[in-house]
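Report on the following structure.
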Amino acid sequence: ANDMKVWNWFLVLMSGVILAGSLYAVLKHWQYDFIDPNIAQMMKQDVNDAQVKQLIEQAIQDNNPEDARMYLSIAKTFGYAIKPEDYAAQLAELDSPYNQAKRTLNDFTTGFIDGKGESGVGVAGAITSDFTVVGDVRDLWEQYQLYAQGKPVNELIVALAGVGVGLTAATIVSAGSASPAKGGVSTAKLATRAGNLTPGFQKVLIKQAGDVFDYKSFLVVAKVEKSMDGIRSAAVRAYNPAALKSLQNTTDSLNTIRKSSSTADAIHMMKYVDNADDLVQLEKITVKYGSQTKGIVKVLGKGALRSVKVLRKTTELMIGLIASLISGLASLVSTYNLIRTSKRALTKAV
């Protein structure tokens, strides 16, 4: 009886050790893959001809031939039953020399002076002002004025504009090698001014940009300077290029999105980005679909940026699961036998 009891204890111990080892193997190989969404499949399943037609007609009504042509291009790519010739006359009217000149003059001037723009031309004006440092200093001056009056300041605009001033100087010194980061920063700032940044992505940017540009100390120093030249000097002193790495990953992605589609489209699409993963996914889609991306993201929403989490079923994981099952059963059986043997021994003793 004692030998049987010892043997049962040995089986309980061994099966427990094997169970622990197999469970560790399961946890070690319990990994996930992230599958990118199938945009083509989603466009065919979730979007119909009527929706695309409505978007084309709305763009024409809004005097926006760029968007109208974008949706016509999407219709061709994904096989919607829409005929471009049905809209040829309306687009020709929007593209008349008078209408083009009017849009170009108004939009570019507004973009350059105010740093705002919805159309490609308007955004081009805003970007032009940023690359000549005029736009960044203007934004810093505006925010300083609010700060001096005790009014709320948009810290993200201050941080991005300050980084922009530093990057403009770096672009000149480096013969343009810093221009991709500069383009990304300007895109982020324009999206901020347009109110297109989600709260989640604002937090990402304020942390990254705040590491590069000490916007709090800048505002204190700027209050002493009290001039636009002084504002620029204060911004240069608050800029820390050594901390640029994390922000540069973000701005490089933004610049790729901007170049693959357009700056105006990139600004619009930022309203769908909540975090760094969303930005990377948007970058992938934009590289693939180019100028069609804004329309695709608009009709599919944030689902276009959400990867699917799938358990990676590796051989090691399967072996670990099987071993865990077998060792678990062995532990139950050996424990049951030990309890039964102990009860018998106790009964005989009584």
³J(HN,Hα) computed for each position of segment 251-259 - Karplus, 6.51 cos²θ - 1.76 cosθ + 1.60, integer Hz, glycine/proline x: 5, 5, 5, 4, 5, 5, 4, 4, 6
Per residue value of the accessible surface for segment 198-260 (all protein chains in place, 1.4 Å probe), Å²: 52
In the full protein assembly as shown, how much of residue 153 is accessible to a 1.4 Å probe, in Å² to the nearest 10? 40
Put +1 on the Cβ of each Lys and Arg and -1 on the Cβ of each Asp and Glu in segment 156-276; which of 219, 198, 251 then has its Cα farthest toward the positive end of the dipole? 219
Hull shadow area, averaged, segment 157-293 [alpha-carbon convex hull, nm²]: 7.9
Taking all protein chains together and a probe of 1.4 Å, list 95, 62 from the most accessible to the least accessible. 62, 95
In debye to the nearest 20, how big a dipole does segment 156-286 give about its Cα centre with +1 on each Lys and Arg Cβ and -1 on each Asp and Glu Cβ? 300
For residue 335, solvent-accessible area (1.4 Å; no DNA, RNA or ligand), Å²: 60
With every protein chain in place, the accessible area of residue 237 for a 1.4 Å probe, in Å² rounded to the nearest 10, comes to 150
22 Å Cα-Cα threshold exceeded, pairs from 245/288; 182/259; 53/298; 223/271; 216/259; 44/271: 245/288; 223/271; 216/259; 44/271
For segment 88-94, take each phi angle, set θ = phi - 60°, evaluate the Karplus expression 6.51 cos²θ - 1.76 cosθ + 1.60, and give the result in whole Hz per residue in order, putting x for glycine and proline. 4, 5, 5, 5, 4, 5, 5
Ranking by accessible area, most exposed first, for 225, 66 with a 1.4 Å probe: 66, 225
Among 265, 49, 277, what's the order by accessible area (1.4 angstrom probe), most exposed first? 277, 49, 265
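The values are calculated or read from the model by the stated rules, or taken from the named source; none is laboratory data. Please read all numbers here as calculations on a predicted model, not as lab measurements. Because the Cβ atoms are built from the backbone with ideal geometry, glycine has one as well, and the counts that use them run over all protein chains shown. Surface accessibility is based on the protein's heavy atoms, side chains included, excluding ligands, DNA and RNA. Shrake-Rupley method; radii C 1.70, N 1.55, O 1.52, S 1.80 Å.
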